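Contents: one structure, followed by commentary.
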Amino acid sequence: MKRCLTIPVKKRKINLEEDKISKLPDEVLVSILSLLTTKEAARTSVVARRWLKLWTFCPSLNFGNLQILSIYGESRMASEEEKQRYVDCVNRAMEAFQGSTIDDFQVHFDLDSKYKCDIDRWVDFVIQKGVKRLAIDLCVYAGRTYPGNVYNFPPLCNSSALQRTLLLLRVLKLKNVNVSGAVIEYFISACTCLEKLTIRRSSSQDLVHLNVTGGQSHCLKKVKVFDCQHLKRICLSATNLLSFKYRGWIIDISYANVPNLVQVFLGGRYLDFGAYLPQLSKYVFQLQTLTLNVPVLEDEEYMGPLAIPVLTNLKNLTLRVFAYNSETLRAFTSLMKAFPSLNRLAVQFTNMFDRVKSRRERTLRKSSLRCLKEVELVGFVGRTLEMEFATFLIENAVMLEKIIIDPIPHRFVGSRAAYLKKRMQTSRECAMRLGSKFSLGDKLVLRNLSSI
């Protein structure tokens, strides 16, 4: 009779130690959930009975930057069904909310004026809850521009209860939302704790003049105004303002009282240096960073000579360049003369096309850049104009210590990855050619090119 062989099996000890997260107080768990989007936080309700309602106390109502993608992976316009699902999702979250205050409210989706009643109700609700950060972006799909169908931000009633809750607001971002100048100015005056203000792509005909004012009691530090169609004038008179950024059509910008202003960005398809820079001349001694979009030029006969005042104390300059022809390159040389004390220069090439010759080729004039020590060329792929500009800087910056070359363009778009990869080898070869020609050695730094 055969015996059965018994093999002893060691039993594994299962660690039944209580989950440490369960020992945390509700306040800590709510704080952790606040780091998630509202949709992600709501999913934790299935973890255990204790978690069922925790997410409804989160002071952060972040509905995420939800892009609608096509089958090709590109951004597309949301369908009416997708819009309604998004609105229903926000409405359900607002109805379930049980917290006493709201720290952060963010809506990012492709919505229009059809949903005005819902959006108005959201805005009213979060303001009554003393929201600290209010961010609304109603055009995630960049290809849509329907000025007549854009949501209009509601006028605010001047009640004592509203003023008390507005005192808590610190950040206001309104993108692809029509908002009037009167509403913006009301926010600035009533929200004394407001630190950051962003208005982008407002096509409201009631946003023509904008006064940004604030005394010592106001905390406003950063203002950004981009692509507002009917805006004609901005007056800045804010004691604590540190940063001002403007992009759009040529308008009148006045700096009445900005003693702490250290950062300025001025941009647009065509940038009028003669209109913008003289206004800055009396504040330039305090500026640390100035960013300019270089205008697209045809030739001097068409555009006229550049009227650029000399800003003798500027140390840090960033240029965003549309380099279509050699006339644009000649504008660089005029710019360099305007900043004799420049220490650092960053050039962001945004044009992705090959060189188009100008009607008349001209040689660049010599210019002394005696203080320039560091140069950064972003989006550099070795086009003729880029090589000419790099050569100009290397030859004229007698104190140059470092030149950084990076082929990745400013605001890199993923769909260009295949195209960019083909050009990276050319970028490296052109950079090495510059290094060899001018014996740059350790001065030449290659960024995002080491893997080639």
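Miscellaneous remarks
- Distance from region 114-141 to region 45-60 (C-alpha centre basis), Å: 23
- Solvent-accessible area of region 149-219 (1.4 angstrom probe, protein heavy atoms only): carbon and sulfur portion equals 51 percent.
- Heavy-atom accessible area order for Thr384, Thr44, largest first, 1.4 Å probe: Thr384, Thr44
- Sites Ser45 and Lys282 - FRET efficiency at Förster radius 56 Å, r taken between beta-carbons, to 0.05: 0.45
- Taking each of Lys221/Lys337; Lys20/Lys53; Lys245/Lys315; Lys129/Lys196; Lys114/Lys245; Lys232/Lys373 in turn, the alpha-carbon distance tops 27 angstrom for Lys221/Lys337; Lys114/Lys245; Lys232/Lys373.
- Each Lys or Arg adds one and each Asp or Glu subtracts one; over the other residues with Cβ under 9 Å from the Cβ of Val225, this totals +3.
- Inter-probe distance in nm under a simple model that places probes 7 Å from Cα toward Cβ, at Arg164 and Lys20: 4.3
- In this structure, Arg433 and Arg92 have a Cβ-Cβ separation that, at R0 = 41 Å, corresponds to a calculated FRET efficiency of about 0.10.
The values are calculated or read from the model by the stated rules, or taken from the named source; none is laboratory data. Only a predicted model underlies this, so the values are computations on that prediction, with no experimental measurement involved. Every residue, glycine among them, receives a Cβ derived from its backbone with ideal geometry; neighbour counts consider all protein chains shown. Ligands, DNA and RNA are excluded from the accessible area calculation, which covers all protein heavy atoms including side chains. Shrake-Rupley method; radii C 1.70, N 1.55, O 1.52, S 1.80 Å.
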